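This report refers to the structure that appears directly beneath it.
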Amino acid sequence: MHINKSKDLFAKAQHFIPGGVNSPVRAFRAVGGEPIFIKKADGAFIYDEDDNAYIELINSWGPMILGHNHPLIREAVIKAMEHGTSFGAPTSREVEIAELITHMVPSIEKVRMVNSGTEATMSAIRLARGYTGRDKFIKFEGHYHGHGDSFLIAAGSGVATMGYPDSPGVTKGTAKDTLLAPHNNIEAVKELVENNKGEIAAIILEPVAGNMGCVLPREGFLKALRELCDQEGIVLIFDEVMSGFRLAKGGAQEHFGVTPDLTTLGKIIGGGMPVGAYGGKKEIMDFVSPAGPVYQAGTLSGNPIAMAAGLAMLTHLNETPSVYSDLNRIGNKLVGGFQQSLKKLGLNYTINHLGSMYTLFFTYNEVYDFDSAKNSDTVLFGKYFQAMLQKGIYLAPSQYESLFLSTALSDKDIEKIIEANEASLIEVFTD
Ligand code: PMP
């Protein structure tokens, strides 16, 4: 496989862009080698600048639930473009999409559009602080909530991958208000709450973590957090930037039957355009400016092109329940195939999986929090990643990311992925 054009582009990019990329994990540092530059994507495939085709298992880090370049979204964007690209004023589409989101995710009674997941979580924390009059919040080790200062503390995703989960540049003053608990450890959370009685504004978490690899909540964990928040007047925030509209129409909260006070959403609601949102109980959301005193704004928020894409995406998801049965079937078939291969090869590696999210961890131990995720052999992962890439399968370039399947994957694609996985594991172990 030649990647000459990608190599040339990366060499040039490094002169003008820090590290040659606009988001760190894309640089492939955790897996060795150099990044491939993407020219286009369609359905289950992406194509690099050298015209190599790859089956997609990241799907733009989650949003392309229906695969790339879906005609419904493409046509909605083209149509919207005929009327201009930004107004900085209210539009009918914003009302329509807000109504649709509140219908699909019943815990969201009011919603505010922003431009990224990072903006959504930063705003939700500010709102929880403004609403409760408290400063501190609890996050979980290995969870990633975007690059807002107060979240870059023991964070997952790229920050874990790059090995500096506490970023320089975050002041001690900011960091002291972020309290940390191990994922799935309700006792540790209770202890933090007890030791900071009446000072905690919010508990924020990924209900299904995707940023330390895919890690599921243990039975009863989410419910116990809900009860604790109710007892202590703490705002419970589910960061569903990855799980929203993916694990179910109403996200992880629908799947697990636990209702947060606020929800943060991201990329999926833009159908791939730069969008995020936060929403929840009316009583809390009415603290947001101009209804209330908590300030938050955005020139491009509710952008007409992004709203057109999002509306096309969400309307389809809302009206087509088979999307979710398809995603589950595809996930089960793929992970079932992986498990058979592992058994055949006598490898006991852990696969965490729910619906269309999964991670193959290079450890024999159960992975239930950030420490257990870190048992993974990331050097082996790097070799496996490269072996899969050579076979035309595009994975997230880090062990600490969930993969995301799309409905565009055919049975033939899934079989190809299963075969490539088995061949790659054999290659890695006979290396
Ligand atoms: N929250 C979660 C759970 C995420 O996975 C991400 C990004 N992957 C974010 C927040 C930040 O979103 P963005 O990259 O759009 O700022």
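The values are calculated or read from the model by the stated rules, or taken from the named source; none is laboratory data. The structure displayed is predicted, hence computed values, not measured ones. Please note: Cβ atoms are built from the backbone with ideal geometry, for glycine as well, and neighbour counts cover all protein chains shown.
A few remarks follow.
- Cross-chain or 6+ apart pairs with Cβ under 6 Å, the stretch 141-170 first and among the β-branched types (Val, Ile, Thr) and within 14 Å of the ligand (Cβ to nearest atom), then modelled with pLDDT of 90 or more and outside any loop (DSSP other than H, G, I, E, B): THR161/VAL25
- Checking each residue in the stretch 167-188 for being assigned to a loop (DSSP other than H, G, I, E, B) and within 23 Å of the chain's Cα centre (by Cα) picks out SER167, VAL170, PRO182, HIS183, ASN184, ASN185.
- Taking the stretch 116-134 as the range and being among the charged types (D, E, K, R) and more than 16 Å from the ligand (Cβ to nearest atom) as the test, the residues that pass are ARG129, ARG134.
- Any hit, the stretch 100-115, residues being within 20 Å of TRP61 (Cα to Cα) and either within 11 Å of the ligand (Cβ to nearest atom) or in a helix (DSSP H, G or I) (or both): yes
- Filter result (under 21 Å from the mean Cα position of the chain (by Cα) and of a type outside the set (D, E, K, R)) within the stretch 213-224: GLY213, CYS214, VAL215, LEU216, PRO217, PHE221, LEU222
- Where THR161 falls short, out of the listed (1) touching a helix residue (DSSP H, G or I) at 6+ places or on another chain (Cβ under 9 Å); (2) at pLDDT 95 or above: (2)
- Selection within the stretch 257-283 - over 20 Å from THR315 (Cβ atoms) and surrounded by fewer than 23 Cβ atoms within 10 Å (Cβ to Cβ): GLY257, VAL258, THR259, LYS281, LYS282, GLU283
- Looking only at the stretch 230-254, and only at residues there that are away from the ligand (no atom under 15 Å from the Cβ) and touching a residue at least 60 places away in the same chain (Cβ under 8 Å), the one that is farthest from the chain's Cα centre (by Cα): GLY233
- When VAL367 is tested against (1) buried (at least 22 other Cβ atoms within 10 Å of the Cβ); (2) assigned to a helix (DSSP H, G or I); (3) among the β-branched types (Val, Ile, Thr), just one condition goes unmet, and that condition is (2).
- Residue within the stretch 83-97 that is crowded, with 20+ Cβ neighbours inside 10 Å and over 29 Å from PHE238 (Cα atoms) present: no
- For ALA44: the one exception among (1) touching a strand residue (DSSP E or B) at 6+ places or on another chain (Cβ under 8 Å); (2) at pLDDT 95 or above; (3) under 23 Å from THR161 (Cα atoms): (3)
- Condition met for ASN421 (more than 30 Å from ASP51 (Cα to Cα) and either assigned by TED's automatic domain parsing to the domain that holds GLY62 or within 23 Å of the chain's Cα centre (by Cα) (or both)): no
Results for (1) hydrophobic (A, V, I, L, M, F, W, C); (2) assigned to a strand (DSSP E or B), shown as yes or no for each residue.
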site: LYS5; (1), (2): no, no
site: LYS12; (1), (2): no, no
site: PRO35; (1), (2): no, no
site: LYS40; (1), (2): no, yes
site: ILE46; (1), (2): yes, yes
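- Qualifying residue in the stretch 288-309 (condition: closer than 23 Å to LEU66 by Cβ and hydroxyl-bearing (Ser, Thr, Tyr)): no
- Some residue of the stretch 325-332 being acidic (Asp, Glu), farther than 21 Å from MET104 by Cβ and crowded, with 18+ Cβ neighbours inside 10 Å: no
Residues are listed down the side, and each one gets a yes or a no for (1) out of contact with any strand residue (DSSP E or B) (no Cβ under 8 Å at 6 or more places or on another chain); (2) part of a helix (DSSP H, G or I):
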site	(1), (2)
ALA124	no, yes
GLY156	no, no
LYS190	yes, yes
ALA202	no, no
